[in-house]
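No lab work stands behind these numbers, since they all come straight from the coordinates. Predicted model only: the values in this text are computed from it and were never measured. We place every Cβ from the backbone using ideal geometry, glycine too, and count neighbours over all the protein chains shown.
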């Protein structure tokens, strides 16, 4: 099955803010899914690079690398800014971090801690803040907080699918 490349993805806007609790639940569960998928893997598999793509440890590190962006964009929306901050589309932080040299438990814990901060911030927002809208700089669409949360959850799943691809191809 061919997976759509991230930058080719389209994201529907979500009308009903009442869906946000379910999306937050999905976001809060991503660290557990990462740990479940990767916790039992052999060390050699965690650093295996296939087709010149990131290894499993790099995929997990990348999730952590982007948490400050998600948190910042959440602040942008909560504070009523008109445009969300830019992402580094080259993923330079992930490319230079040498995540493969980091223990898997450390990568998992770092991601869990950062994600909990993001979830806590989402849970603390007011109903008024949930109505704020800002332009996503790459997609050129107006997003609300629920749309950002959905975008982040989809990004998580995109990278979890990449991890599973590595595992399945290595069998």
Discussion item. Which count do you get for residues in region 7-20 that are within 17 Å of the chain's Cα centre (by Cα) and surrounded by 12 or more Cβ atoms within 10 Å (Cβ to Cβ)?
Written reply: 3
Discussion item. Can you pull out every residue in region 144-171 that is over 30 Å from residue 44 (Cβ atoms) and either in contact with a helix residue (DSSP H, G or I) (Cβ under 7 Å, 6 or more places away or on another chain) or assigned to a loop (DSSP other than H, G, I, E, B) (or both)?
Written reply: 144, 145, 146, 148, 149, 150, 152, 153
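Results for (1) surrounded by 15 or more Cβ atoms within 10 Å (Cβ to Cβ); (2) over 22 Å from residue 7 (Cβ atoms), shown as yes or no for each residue.
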site	(1), (2)
110	yes, yes
120	no, yes
127	no, yes
145	yes, yes
148	yes, no
166	yes, no
Worksheet item: What do you reckon, is residue 63 within 14 Å of residue 162 (Cβ to Cβ), out of contact with any strand residue (DSSP E or B) (no Cβ under 8 Å at 6 or more places or on another chain) and outside any helix (DSSP H, G or I)?
Response: no
Worksheet entry | Subset tally (residues that are outside any helix (DSSP H, G or I) and either in contact with a strand residue (DSSP E or B) (Cβ under 9 Å, 6 or more places away or on another chain) or touching a residue at least 12 places away in the same chain (Cβ under 8 Å) (or both)) for region 128-143 | 11
Worksheet item: Do the conditions hold for residue 69, that is, is it under 16 Å from the mean Cα position of the chain (by Cα), part of a helix (DSSP H, G or I) and over 21 Å from residue 9 (Cβ atoms)?
Response: no
Discussion item. Closer than 22 Å to residue 99 by Cα, under 17 Å from the mean Cα position of the chain (by Cα) and in a helix (DSSP H, G or I): is that true of residue 33 in this structure?
Written reply: yes
Worksheet item: Residues 125, 81: which one is under 24 Å from residue 19 (Cβ atoms), in contact with a helix residue (DSSP H, G or I) (Cβ under 7 Å, 6 or more places away or on another chain) and not in a helix (DSSP H, G or I)?
Response: 125
Worksheet, complete the sentence: Over region 1-30, the set of residues in a helix (DSSP H, G or I) and in contact with a strand residue (DSSP E or B) (Cβ under 8 Å, 6 or more places away or on another chain) is none
Worksheet item: Any residue at all in region 37-58 that is surrounded by fewer than 14 Cβ atoms within 10 Å (Cβ to Cβ), assigned to a loop (DSSP other than H, G, I, E, B) and touching a strand residue (DSSP E or B) at 6+ places or on another chain (Cβ under 8 Å)?
Response: no
Fill in: Complete set of residues in region 102-122 that are without any contact (Cβ under 8 Å) to a residue 12 or more places away in the chain and either on the phi > 0 side of the Ramachandran plot or not in a helix (DSSP H, G or I) (or both)
103
